Amino acid sequence: MRNFIVVTGAAGFIGFHLCRRLISSGINVIGIDNINNYYDISLKERRLEILNKIPLEKNTWKFFKIDLANKDSLLKIFEKYVPKTVVNLAAQAGVRYSLENPSAYIYSNIFGFSNILEVCKISDVENLLYASSSSVYGGNTKVPFSENDSVNHPISLYAATKISNELMAHTYSHLYGIACTGLRFFTVYGPWGRPDMAPMIFTKAILSRKSIRIFNNGNMSRSFTYINDIIEIIWKLINKPATPDSEFNRDLPNPSTSWNSHRIFNLGNENSINLLDFIHLLEEELGIESLKEYEDIQAGDVINTSSDCSSLRKWIGPIDYTSVNKGIKEFIKWYKDYYKN
Ligand SMILES: NC(=O)c1ccc[n+]([C@@H]2O[C@H](COP(=O)([O-])OP(=O)(O)OC[C@H]3O[C@@H](n4cnc5c(N)ncnc54)[C@H](O)[C@@H]3O)[C@@H](O)[C@H]2O)c1
């Protein structure tokens, strides 16, 4: 029997990069995505075109346009390919949009994720990795954010759905012995990135000489994390399924007998950068000075995100981060080529 890895959100930013890496490494991959129109569908289609062109060794690549809400279709695929590992990246992403369209988050992130857990249970999946987010740290002011910090104060529905995912995964790992790893991504950027995120929004505005809106008067910092670094970390985590973690389960009555194979990690560049410095690097790379409009902070926004990855390093070893200078260079090179600027 062949081993398959299922990647949901395969047409999305991170999912595309992960599938590309896995398919090119000769792994059998099943991609799932509903290709929703939260942002330009043609970007998702172009990503899929690239995946479809990767030469296969003896491995298989198959893509299914399926919604996580459709449990029966998911089950059919899982029954046919019997994956041992699932990486769930499909979700309604974006903090700000969760104020506009909250039900999209309940639909994909809560209902959709519950279906993923159910099909993993029914099909005896051994290793589930799932996307969480740095937004779970909400209003926390202690930086850098550590997995040991409280996540009881989400400030957007998006963050609340991601915290819920962590709790749901915890329960399934406990009840059904599925090894679960939660991936708290910090602002991921790079080629083929998301058009609703700051690097794309800023670049588009700078090139078209439109002003960029800078919230909280620029008094913000982000752990901008280059996509290749994220993919490298996910790859290592796929190969090292979670085992019980007495530290993580320290609030149990007897932590030494903790049985949950569930771990949660920050995946974020440990050198965070001020938003205005990030914009300055974009300007330098584009050779154009931006027009700036300073505005108050937006509801749901976190002021500073900064990642403590000590537990991740303990788990997978040293982590190499791409410098923001290099990452921006690669991103702008792709952007100019893709949008023909
Ligand atoms: N990119 C980041 O900086 C970042 C930061 C924190 C967390 N995350 C999380 O990482 C994951 C991947 O993010 P991304 O940046 O690649 O986002 P993305 O929007 O590019 O990719 C998500 C993909 O999931 C698909 N999808 C959404 N709902 C679905 C459903 N119900 N059924 C099937 N497919 C569905 C979308 O069509 C999309 O292609 C998401 O869970 C996101 O919340 C991303």
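Laboratory data are not the source of any read-out in this text; all were calculated from the coordinates shown. These numbers were taken from a predicted model, which means no experiment stands behind them. For neighbour counting, all protein chains shown are included, and Cβ atoms are generated from backbone atoms with ideal geometry for every residue, glycine included.
Within the range 24-53, take every residue that is exposed (fewer than 15 other Cβ atoms within 10 Å of the Cβ) and hydrophobic (A, V, I, L, M, F, W, C) and give me the one that is nearest to the ligand (Cβ to nearest atom).
Ranking the candidates gives Ile41 first.
I'm trying to understand the selection: among the residues of the range 1-23, which are in a loop (DSSP other than H, G, I, E, B) and within 14 Å of the ligand (Cβ to nearest atom)?
Gly9, Ala10, Ala11, Gly12
Working carefully through the options Ala91, Ala104, find the one that is buried (at least 22 other Cβ atoms within 10 Å of the Cβ) and either farther than 19 Å from Ser307 by Cα or out of contact with any His (no Cβ under 9 Å at 6 or more places or on another chain) (or both).
So the residue among Ala91, Ala104 that is buried (at least 22 other Cβ atoms within 10 Å of the Cβ) and either farther than 19 Å from Ser307 by Cα or out of contact with any His (no Cβ under 9 Å at 6 or more places or on another chain) (or both) is Ala91.
Considering only the range 208-227, state which residues are in a helix (DSSP H, G or I) and buried (at least 17 other Cβ atoms within 10 Å of the Cβ).
Ile227, the sole residue that qualifies.
Tell me the residue from Glu295, Glu289, Glu285 that is acidic (Asp, Glu), surrounded by 15 or more Cβ atoms within 10 Å (Cβ to Cβ), out of contact with any Pro (no Cβ under 7 Å at 6 or more places or on another chain) and more than 15 Å from Arg222 (Cα to Cα), please.
Glu285
Test of understanding: among Ser150, Ser114, which residue is of a type outside the set (A, V, I, L, M) and within 13 Å of the ligand (Cβ to nearest atom)?
The conditions single out Ser114.
Evaluate the range 69-87: report whether one residue or more is in contact with a helix residue (DSSP H, G or I) (Cβ under 7 Å, 6 or more places away or on another chain), buried (at least 17 other Cβ atoms within 10 Å of the Cβ), aromatic (Phe, Trp, Tyr) and part of a strand (DSSP E or B).
Looking through the range 69-87, none of the residues is in contact with a helix residue (DSSP H, G or I) (Cβ under 7 Å, 6 or more places away or on another chain), buried (at least 17 other Cβ atoms within 10 Å of the Cβ), aromatic (Phe, Trp, Tyr) and part of a strand (DSSP E or B).
So, in the range 177-207, how many residues would count as being over 30 Å from Ser310 (Cβ atoms) and either assigned to a helix (DSSP H, G or I) or touching a strand residue (DSSP E or B) at 6+ places or on another chain (Cβ under 8 Å) (or both)?
8
Can you tell me which residue among Tyr321, Tyr335 is part of a helix (DSSP H, G or I), among the aromatic types (Phe, Trp, Tyr) and surrounded by 14 or more Cβ atoms within 10 Å (Cβ to Cβ)?
Tyr335
Which residues, taken from the range 1-23, are buried (at least 16 other Cβ atoms within 10 Å of the Cβ) and either farther than 14 Å from Trp235 by Cα or hydroxyl-bearing (Ser, Thr, Tyr) (or both)?
Matches in the range 1-23: Phe4, Thr8, Gly9, Ala10, Ala11, Gly12, Phe13.
Could you say which residue among Ile30, Ile14, Ile77, Ile35 is closer than 20 Å to Arg194 by Cα and in contact (Cβ under 8 Å) with a residue 40 or more places away in the chain?
Testing whether each residue is closer than 20 Å to Arg194 by Cα and in contact (Cβ under 8 Å) with a residue 40 or more places away in the chain leaves just Ile14.
Of the residues that sit in the range 119-142 and are polar (S, T, N, Q) and under 22 Å from Pro154 (Cβ atoms), which one is farthest from the ligand (Cβ to nearest atom)?
Within the range 119-142, the match that is farthest from the ligand (Cβ to nearest atom) is Thr141.
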